[in-house]
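Report on the structure given below.
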């Protein structure tokens with residue numbers, strides 16, 4: 001690129017060196033993948049929160065536990081996490097009336113559900129931490145390429161090297177564009193999952209107390 005060429009964002013990408021273009025392609029791919037995870041995870045957590053609130057209303061309304069169990073068994077929505085925890089404990093309790101068995105069943109279901117909710121969070125964390133460094137690598141490489149090109153120029157001026165440096169800095173900009181949403185989404189989703197985990201754990205303790213009272217009256 002010579003100093004008189006177009007310095008638009010698209011032109012900088014198209015005229016960058018092959019290595020810098022490859023870095024940009026990697027970063028854009030990571031950004032698209034992270035946004036896909038962000039939208040999917042956001043939708044999942046909203047559904048889990050909505051179904052959790054609905055089940056808590058039904059549970060604490062004083063309805064029959066067996067009726068709730070039948071409804072939970074019919075509900076195959078992936079967002080019905082608390083219902084599956086309840087169903088796991090209730091089914092185990094109805095077999096032998098053992099509180100410890102019911103608690104273990106709920107804990108196992110809880111752990112499986114939490115693993116599913118936390119899926120892809122490590123990917124967002126990786127994108128958030130690695131993308132700036134990948135972009136920085138592209139920038140360093142591009143600047144080296146730009147200064148190397150000055151060896152063939154008799155009058156080394158800022159105007160001569162500016163386009164090459166601008167191309168290189170685009171890699172850093174794309175790296176930050178990929179990293180910032182991933183970091184924000186990771187922190188937001190991790191916080192929401194922690195809140196849900198506390199609600200599930202609290203429910204398990206309260207439901208265990210209910211089962212203990214039922215066992216004591218038999």
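Quick rundown of the values:
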read-out: Calculated FRET value between residue 107 and residue 144, using beta carbons and R₀ = 41 Å, to 0.05; value: 0.15
read-out: Spin-label pair residue 66/residue 25, simplified geometry with 7 Å Cα→Cβ offset, distance in nm; value: 6.5 nm
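Bear in mind these aren't lab numbers, they're just calculated from the coordinates by the rules spelled out. All of these numbers come straight from a predicted model, not from anything done at the bench. No Cβ is skipped: glycine too gets one built from the backbone with ideal geometry, and neighbour counts run over all protein chains shown.
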